[in-house]
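To start, the structure itself, in structure tokens.
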Amino acid sequence: MRRLLPVVALALLLACWVLVSIRVSAPAPKPYDAPLNEFSAERAYESLRSVLPTNTPHPTGSPEQRRVRARIEARLRELDYAVRVQRTPVCGRYGVCAVVENVLAERNPAPGPRVLAAHYDSVPAGPGGSDDGVGVATLLEVARALRHRATRLPTLLLFSDGEEAGLLGAEAFVRDELPKYEIAAVVNVEARGTSGAALLFETSGPNAWLVAAFARASPRPVTSSLFPAVYQRLPNDTDLSVFARAGIPGVNFANIGGIAHYHTPQDDLDRLSLRTLQHHGDAALGLAAGLERADPLAGRSLFFDVLGLFVVQLPLRYSPWLYAIASLLWIAVLALAFRRGVRVTRFLRGFGSLPLLVV
């Protein structure tokens with residue numbers, strides 16, 4: 001029997017690895033003829049193709065960027081959205097100044113809109129097929145799908161300019177447009193690669209109600225409160241950082257597969273994963289519709305998904321108790337190992353890192 005234990009352990013480990021790989025991978029893309037009230041990655045990709053037909057870089061202030069902006073406007077007007085352009089000079093926190101052109105599109109204008117945001121400029125080095133073409137495509141397809149849903153939720157779509165130059169479009173929006181609205185929440189769609197699952201990797205402000213809405217709305221949630229805890233300690237920013245500083249609650253989505261193509265000429269439309277686009281779209285559309293039933297209660301939460309099946313969410317005040325339970329379990333395993341004669345050095349090699357993970 002003892003000889004079988006390693007085999008059984010290896011089989012269980014392999015089964016867990018397969019299950020995790022399946023459940024946290026991006027879902028299959030829905031076809032072009034999917035129901036009109038659903039998000040279709042194929043439809044979203046066609047919209048993006050019409051916005052970026054030349055597949056060339058379009059940094060802030062370039063002629064190509066202005067053409068991209070005009071195509072986004074035209075597509076939104078085809079969908080009967082009230083569209084306008086916020087054109088204004090702005091300087092960012094990093095000393096860069098520019099005239100930005102944010103595209104704003106409203107549906108059911110009313111106080112307390114939910115903002116869906118993505119930037120449409122690219123870095124000079126690449127065409128931005130995923131960064132942030134995936135966000136542009138997501139917002140355009142969500143805008144189309146919302147027209148076929150019976151929701152009166154006030155929604156504002158923000159296609160920001162100048163994100164790559166230092167979050168300039170978001171800075172301009174918060175400075176000039178925020179006083180005109182009573183924004184309830186921001187859902188930002190980003191990419192740090194060309195493939196992979198759409199991770200809810202950051203929250204801002206009181207996040208309990210947003211995480212609860214995401215848990216209800218997403219068919220395959222991939223998230224953890226560990227993600228924002230790590231991200232906040234990195235020297236990275238997205239447009240959500242500007243909203244967070246303004247005290248606006250929000251959530252941030254991004255994929256990180258294919259990171260070698262990030263901010264390079266290889267970040268083109270041919271490398272954009274339709275599975276990734278479908279995952280972003282399911283989350284964004286689910287939240288755009290699901291926030292109508294959400295109650296923006298104060299409070300922050302501890303949360304994590306279980307194999308992409310569902311989200312466990314607890315009040316943040318429970319964190320010390322969970323850490324204490326984890327520590328007690330580690331001590332119990334330590335005591336049992338010693339009773340069975342396991343050497344201290346072997347045990348520490350196998351389980352010694354657990355307290356560091358708890359911390």
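The values are calculated or read from the model by the stated rules, or taken from the named source; none is laboratory data. Note that the structure is a prediction, hence the values are computed from the model and not measured. In this analysis, Cβ positions are derived from the backbone assuming ideal geometry, glycine residues included, and neighbour counts consider all displayed protein chains. Note: areas computed on protein heavy atoms with side chains; ligands, DNA, RNA excluded. Shrake-Rupley method; radii C 1.70, N 1.55, O 1.52, S 1.80 Å.
Rounded, prolate or oblate, given the Cα gyration tensor of region 192-264, with a/c below 1.5 counting as rounded? Mind dumping the intermediate values first?
Numbers: a/c = 2.11, a/b = 1.23, b/c = 1.72.
Note, shape of region 192-264 comes out oblate.
In Å², and per residue, what accessible area does the chain have when probed at 1.4 Å with the other protein chains present?
Values: 17080 Å² over 359 residues.
That works out to 48 Å² per residue.
I'd like to compare 106-117, 223-234: which one has the highest average count of other Cβ atoms within 10 Å, and what's the full order after that?
Values: 106-117: 18.2, 223-234: 15.0.
Packing proxy ranking, top to bottom: 106-117, 223-234.
Carbon and sulfur: what percent of the chain's accessible surface (1.4 Å probe)?
Values: 10700 of 17080 Å².
Ligands and nucleic acids excluded, carbon and sulfur reach 63 percent.
Using only the alpha-carbon atoms, how far is helix 133-146 inclined from the longest principal axis of the chain? Give it as 0 to 90 degrees, nearest 10.
80
Would you compute, for the Cα atoms of region 49-139, the largest minus smallest coordinate along each principal axis and list the three values in descending order, in whole Å?
38, 32, 19
Taking every pair of Cα atoms in region 1-86, average 1/r, invert it to obtain the Kirkwood radius, and report Rg/Rh to two decimals. Could the numbers behind the result be given before it?
Details: Rg = 23.4 Å, Rh = 17.4 Å.
Using Cα coordinates only, the ratio equals 1.34.
Between the alpha-carbon centers of region 100-171 and region 308-334, tell me the distance in whole angstrom.
One Cα centre to the other: 37 Å.
Once you have the Kirkwood Rh of region 154-234 from its Cα pairs, apply Stokes-Einstein at 4 °C and 1.567 mPa s and quote D in µm²/s.
Working: Rh = 14.8 Å.
Stokes-Einstein gives a translational diffusion coefficient of 88 µm²/s.
So who's got an amide H within less than 5 Å of the one on Ala185, skipping anything under 5 residues away but keeping other chains? H placed 1.01 Å off N, in plane.
Those lying under 5 Å, H to H, from Ala185 are Val115.
Rounded to the nearest 10 Å², what accessible area does Ile325 have for a 1.4 Å probe in the complete protein model?
90
Let me spell out the model: positive unit charges on the Cβ of Lys and Arg, negative unit charges on the Cβ of Asp and Glu, origin at the Cα centre of the chain. What dipole size does that give, in debye rounded to 20? Each step should come with its number before you reach the end.
On the way: 38 positive and 32 negative charges, 349 e Å.
Computed about the Cα centre, the dipole is about 1680 debye.
Ranked from the most accessible area to the least, with a 1.4 Å probe and all protein chains present, what is the order of Asp282, Asp239? Don't jump to the answer; show the numbers that get you there.
Numbers: Asp282 25, Asp239 5 Å².
Greatest to least solvent exposure: Asp282, Asp239.
For the chain, taking Cα atoms only, what is the radius of gyration to one decimal and the Dmax to the nearest whole Å?
Rg and Dmax of the chain, Cα atoms, are 22.3, 74 Å.
If you plug each phi of region 314-327 into the Karplus form 6.51 cos²θ - 1.76 cosθ + 1.60 with θ = phi - 60°, what whole-Hz ³J(HN,Hα) values come out, in order, with x for Gly and Pro?
Couplings: 9, x, 4, 5, 7, 4, x, 5, 5, 4, 5, 5, 4, 5 Hz.
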